[in-house]
Each structure stands twice: as structure tokens, then as C-alpha cells.
Amino acid sequence: MEICPVILCGGSGTRLWPASRPDFPKQFLPLIGDRSSFQNAVLRLAGAPHMTAPIVVTGAAHEELVRTQLAAIGVDGEIVIEPQGRDSCPAVAAAVYFRLERAPDTIFVVQPADGHIPDMARFRELIGAAAQGAANGKIVTLAIVPTEPSPSFGYIAPGEAIAGAPGVMAVKRFVEKPTRETALTYIGDGFLWNAGIFIFHGKTFAEELETFQPEMAACVKDAVANGARADGVLHLDPPTFARTPKNSIDYAVMEKTKRAATVRADLAWSDLGAWAAVHEVGEKNAERNVVAGRRVALVDTKGSFVYAPHTTVAVVGLEGVGVIAEHDAVLVCKLDESHAVKNAVEALKAGNHHTVLRRTEHRDRTASLADLASEFDVWFEASALPLWWAMGADHTNGGFFGALDQRGRAVPLQKRFRVQARQTFVYATAGASGWQGPWKDAAAHGARFMRERHLRADGLYRGAAADASGSDDAMTLYDQAFALLALAAIERALPGETESRAAAARVYEALTASHTHPLAGFNETEMHGARLQSNPHMHLLEASLAWAALPDGGRWKELAGQIVTLCARHFIDQETGAVGEFYADDGRPAEGAAGTLVDAGHQFEWAYLLIQASQALDHSGAMTLAKRLYEIGNRHGVDRSRGVAIDELSDDLSVRSARARLWPQTERLKAALAFARLSTESARGQFEQDAEAAARGLHFYFDTPVKGLWRDKMRPDGTFVNEPAPATSFYHIACAILELRNYLAQREGKV
């Protein structure tokens, strides 16, 4: 019988603001030590006897965080993505049904990701005892011996011992969070804290859920069965899961079942629910202070907590305070009032929290396009290029890392082909543009890894690097486009010195021989039921134009023309003029939400490439399409209050996601510059104003502790998600900075 850990990663941790944010909640923060509470939750059971890889249940916004943090501790796991939160019971049920369809004889250990349990050995002993109760058909909860009459937790009244399961007791009753006076009575009567940790056989839980919550069980089953699966990730079916009744496991099952049991857990535990709790479990100095930060000075300060991972903080003459300093926000509170931080967050949401951002944007309006270009050039050549070669390249095992954290340290993610191709492109292009750094070494480093670890026998490139145990040969059209782009950059920088031309020809021949789409273009790996997708064709157009600009580019010019025709006939909506993402085999938009997606950044990116195509192919129709796409992006895809291009629109051009990633800012800048270059003097001014606005928006993303890094995701409130800088963004950044440099040089008559 196998035991499967389930880690619940929901919740926003509002009481731990400003460190905890909706896109980077408390369970992913290293509040105690170097690992996050999520990582510690995984490691508590990893490698224990009969233990399987964990199942992590989380929201779509946290998928990459889960992947990154699992990789950092060397643990493989499966991920279940909830399209929306429906409380704990549907989350648990989704993990259970997901596992039971493959392994019906499984015991599950469910724990929240935000608990702090320092005694790992004792925890495993208690789970072993609880597993015996689960094997006897009980749904066991681990109940913590209270240390104080806390009103913050639910309580459990233990009953008689369960025969055949030493240490396991029946549950008399569950009670909700009491007053402090009532909690004191409960403790005197032997009640225990409910820690939200459950151990049960999957079939037992399913039977009880289907008895007490039949509608929930049916919805979750369908959401699992109809969900999208790829690479160990299950995306629950959104329409079905949305219909699932919202309820906690305590209300939905535990308070109704006659199979409830408990194990008395005599170990230290905290849910880290407020800054006072973090201070309580932290390592204290002689003055009872807990400090998390490298540059913190405390003078005549006692019993306080200071969290300042990114900035300098000094605290003088205070006692019992919490000081939490992030890049964009600071909290100062009495520790014994830290439970009220949630109220402050709500007040900020209701107030004028855009004021600071608008003042910053106003200050930046004094910078001209030339000033911004000069600043970008220095940042690019003196900071970013050296940093990503020194720290972003794996000089031991080859290739490039997928991300650097905000201290400039490599994040150990699986090496993806698109990272290798894009970084190779960046360094080859930087060399061709005059950078005097070690671009040849960097480009050769990436090209070698592409060839040795990603190249398939048919001349195409696999998405994941091959290792000693072999490889998954799966490929995508998207990756082949970037292979061609990287190879073109190498050929441009080192004409005739490499095998890049022959390698590109093999990619072209393999695609045309066996991957053509019945309608037009090429098949992509199916997503949302669609093989015909615009995004990979957009990058294939980019690569084709790069090769068409080199000698003997006839076949590539022909391919570029075919993609422009495909875009005009099928990808662009004839009514709105917007380009979509996913298409059925007959060329109509895919069914469901995927068919209504309009990526705001892609309107700019397609516009830029269609301008290039109109010149390279003498295609007047391409310019007409580009103008309409640029207008859509500029009118509907830019948030003027923040000065940035947003992520997503719907097919009616309404805002679908107001989050703003870095890369759309670069494409907005490139498109504005391309139109400015081709405009008459009277019309050029407006496009240059657009370019200045785009450059200012891009500038926000470069405000990082280490120069040469960047932020990737701006929230709708103007704050950034605190996460590693993804390597894939460097390609977008390099293209925009070099486009701006070339535009200004041409305007000033230097080229």
C-alpha cells in the first residue's frame, strides 16, 4: 500500500502582507530559514517508506512557483491546478480522484502548505500511527496539543482508543474557533487544536464524500476526468469545477462522518497566521528580537521582528513591534496587533494606492527617448549581458539556466530548449551589434548544448534536454521556430563559420515533410483541442524573415509569404481585425475560452513582424494588417494609469487579464519604432510619443536589487510579483533595446 502526500497551496496569506501577496503568498516565502513552508511541507515526508511523489493542489497563478520550488529541493511531484478556489474539500477531492484512477489502494496524507513543524522525525512517527488508523477505514486528523487558549484555531475532543491502531482515538466532536475564555475551558477538558492535517484511505474518503456531498463529488470527478493533462500537471476542467459547491473538508465531511478519528500530536506547530506567530517560532537573540535580512540595525529594541530581505532597515528604541520592508511597501505594527494587518490591506485596496505610481511615471516623463535608450544600452551591455553569462550559464553541465532569483543566483529548473535557443540568439545578436564582451563563447556554449542535448535524429529539436537516462523526444513547432531564429543569428554573426545553415535546412525539410497542417502552415502540439495556433507561426515568420535577409534566402522568403497569407485568412478576425491564438482544423476559432483569447502583446508583435514582411516581400496587404493590429493593441491593450501593455483581451476587445508581463512592453516599443521609421515627418511624432511611453513602461521592470535582472509580472495595482527573473524574457528585451538603438542611429543619420 502506497502513501501519497497531498499539499494544499491555496490562500493569499493577507495577514502577512506586504511580504505575502496574492501571486506570491506566505507558503512560498522563506520566513523561517532558507526554505519556504511549502518546501518544508514537501520534505517532511519525502523519501519516507512507502511514500510516493506528492500531489500539490494550487491555482494557475502559482503553477510556476510550485515547479520552481520543487526543483530547488530536488523533488518531483504532480500538480493539480484549480481554475478557481472552492475551499479545501474540493481541492482534496480533486487530488484523491486524480490518484485513485491509477492507484486505488492509496493512503493520503493531506497537509496545508503553510504549517510550521520543526520536528520532522516525530511528525513521521505520528503519520505512521495515523496511517494504521486509515488502513482500518478511519479518516484521521492530526490534532496538536495546545500551548495556549488560542481563539485562532478549531478544537477537537478526542474519544475512545481505536482497536488495532495504537495512538488513534475516535473523535467525540469538532468545535469552531471559540473565545479565549471558552478555549481555556476546552484545554482543561483535554481538547486539541485542529491542524487541518488529514490521513485516510482514498476509497474511505470517496465513500464519505459521495454520501454527504454527492453534488460536490460528481462535479469534482467530472472536473478531473475532463481536465487537461500534460507533464504531470492536471488542469481541472474550468466550467465543471466552477459548478462545484464551495465547502471546507471540516464542514463537508469531518463533522458528519462516523469514521472520524484523531492522533494526539505532541509536537511544536504553528500555522504562521500573523507576524506575531512568525516571531514566536523564529530564532531569537538575547533581546528576543528575530531578524530576517542582511542590513538591519537594532538599537535599544526588544521583542521585535524585522523582515527586510531587500533593503536596509534601522529600528531604534521600540519593543514588541514588527517591521516588514519590501521593495514597494512597508508595514510597521505592534506584534500583538498583527492579526489586524488584513484590515490595513483592505483599506489600501479601497484607497488611492495608485498615487505613488503616478508620481513615479510623471517623473520619468522628463526622460527623452534618447535618454532612455542610453540608459538601456548601459544596462544591457554593462550589467545584463555579463550577468547572464556569468551566472545564467551552467559552466559545469552546459546550457543556460531557466531563471535567476533576485539575488542573481541560478534557479535549478529543467533546461528547456526555448531557453537555450533564446539565450544563444541574444549573445549572437549582441555580438553582431557590436558588444565587445565574450559573445562568441556564450553563443557557442548555447549552440553546443542545443546540438548535443536537444537535436533529434530527424533534424528537429526536442523540448527537454536529454540526460544519461535518455530523453523525451517530444517537440513543438514553437521550439523549432526559435531553433531557426538562433541559427540565423549565429549565421549572421559568424557567416559561413558554423553548420547553422545546414541545420536550419534540416529543420525546414523535417517540418515540411511530416508536420504540415491540412489547412495551411504546420501542426503544433495540441492545446485546448487545437493544432493550428498563431503564436508558433508568428515566431516562425520572425525566423523566416531573419533567414530571408541572409544570402540564398529564397525558400525562407516563400515560407514567410505563406505565413502572412495564413495570418490574413485565418488568424485575424475579419470583424475586429484582432489576431487570436487557437484555431480548429477548419480555421475557425477553437471552442470554449481558448477560442476567444486575444493576447494584447501579440497584437504589437504581429504588427511589427508584418511591417518587416511588407518590406521584405513587397506585400502591401501586410502593412494594412499591421496598422489595424497596432491600433487594437494601442487602444485596447494599454492601461494608461500604469503606462503598460496588459496581458489579455477577449474577442470583443474587453479586458480579460489586467496583469502586465514584461514582454508585451518590448513588443509595444518595437512596433511603435517600426511605424515611426516608415512614417512621414509630420506623422512620426505620434509614434515616437508612443515609443517613449512604451520605453517608460519597460523601465519599471528593471528596478531590481541586482542590475541586469528584471521583474516579469506587474499586478493590476502596479506592484510586482516577487519571483525569479525568467531567462526567456532576455530575447524580448534584447530585441527592443537594439531596435531602439538602431532607430535612433538611423534618425540621426549614423547608419
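Yes or no, residue by residue, for (1) more than 14 Å from residue 486 (Cβ to Cβ); (2) in contact with a Ser or Thr (Cβ under 6 Å, 6 or more places away or on another chain); (3) in a loop (DSSP other than H, G, I, E, B):
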position: 398; (1), (2), (3): yes, no, yes
position: 408; (1), (2), (3): yes, no, yes
position: 420; (1), (2), (3): no, no, no
position: 425; (1), (2), (3): no, no, no
position: 437; (1), (2), (3): yes, no, yes
position: 440; (1), (2), (3): yes, no, no
position: 443; (1), (2), (3): no, yes, no
position: 449; (1), (2), (3): no, no, no
position: 459; (1), (2), (3): yes, no, yes
*Is it true that some residue in segment 33-45 is in contact with a Gly (Cβ under 7 Å, 6 or more places away or on another chain), over 30 Å from residue 415 (Cβ atoms) and either open to solvent by 10 Å² or more (accessible area, probe 1.4 Å) or assigned to a loop (DSSP other than H, G, I, E, B) (or both)?*
no
*asked:* Looking at segment 521-531, can you tell me whether even one residue there is assigned to a helix (DSSP H, G or I) and among the basic types (Lys, Arg)?
replied: no
*How many residues does segment 567-604 contain that are open to solvent by less than 20 Å² (accessible area, probe 1.4 Å) and assigned to a loop (DSSP other than H, G, I, E, B)?*
6
_Residues of segment 112-152 classified as free of Cβ contacts under 8 Å to residues at least 40 places away in the same chain, more than 23 Å from residue 183 (Cα to Cα) and either of a type in the set (S, T, N, Q) or touching a Phe, Trp or Tyr at 6+ places or on another chain (Cβ under 8 Å) (or both), total_ = 2
*For residue 65, indicate whether it is open to solvent by less than 30 Å² (accessible area, probe 1.4 Å), free of Cβ contacts under 8 Å to residues at least 60 places away in the same chain, in a helix (DSSP H, G or I) and under 30 Å from residue 402 (Cα atoms).*
no
*asked:* So if I check each of 319, 280, 326, which one is farther than 30 Å from residue 109 by Cβ and open to solvent by 80 Å² or more (accessible area, probe 1.4 Å)?
replied: 319
*Kindly list, by first and then second residue, each pair from a residue in segment 397-412 that is under 21 Å from residue 444 (Cα atoms) to a residue that is in a strand (DSSP E or B) and of a type in the set (D, E, K, R), limited to pairs with Cβ atoms under 8 Å and residues at least 6 apart or on different chains.*
402/416
*Can you tell me how many residues in segment 689-746 are open to solvent by 40 Å² or more (accessible area, probe 1.4 Å) and farther than 29 Å from residue 330 by Cα?*
5
_Tell me whether segment 624-635 contains one or more residues that are under 23 Å from the mean Cα position of the chain (by Cα) and buried (at least 21 other Cβ atoms within 10 Å of the Cβ)._
no
*In segment 72-84, which residues are open to solvent by less than 50 Å² (accessible area, probe 1.4 Å) and either modelled with pLDDT under 90 or in contact with a strand residue (DSSP E or B) (Cβ under 9 Å, 6 or more places away or on another chain) (or both)?*
77, 78, 79, 80, 81, 82
_Which of the numbered conditions does residue 361 fail, given that it passes all the others? Conditions: (1) in contact with a Phe, Trp or Tyr (Cβ under 9 Å, 6 or more places away or on another chain); (2) at pLDDT 85 or above._
(2)
_Restricting to segment 142-188, count the residues that are more than 21 Å from residue 261 (Cα to Cα) and open to solvent by 40 Å² or more (accessible area, probe 1.4 Å)._
10
*Would it be correct to say that residue 88 is touching a helix residue (DSSP H, G or I) at 6+ places or on another chain (Cβ under 6 Å) and without any contact (Cβ under 8 Å) to a residue 12 or more places away in the chain?*
no
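The values are calculated or read from the model by the stated rules, or taken from the named source; none is laboratory data. Predicted model only: the values in this text are computed from it and were never measured. Backbone-built Cβ (ideal geometry, glycine too); neighbour counts: all protein chains shown. Remember, those area values only see protein heavy atoms, side chains included, never the ligands or the DNA or RNA. Shrake-Rupley method; radii C 1.70, N 1.55, O 1.52, S 1.80 Å.
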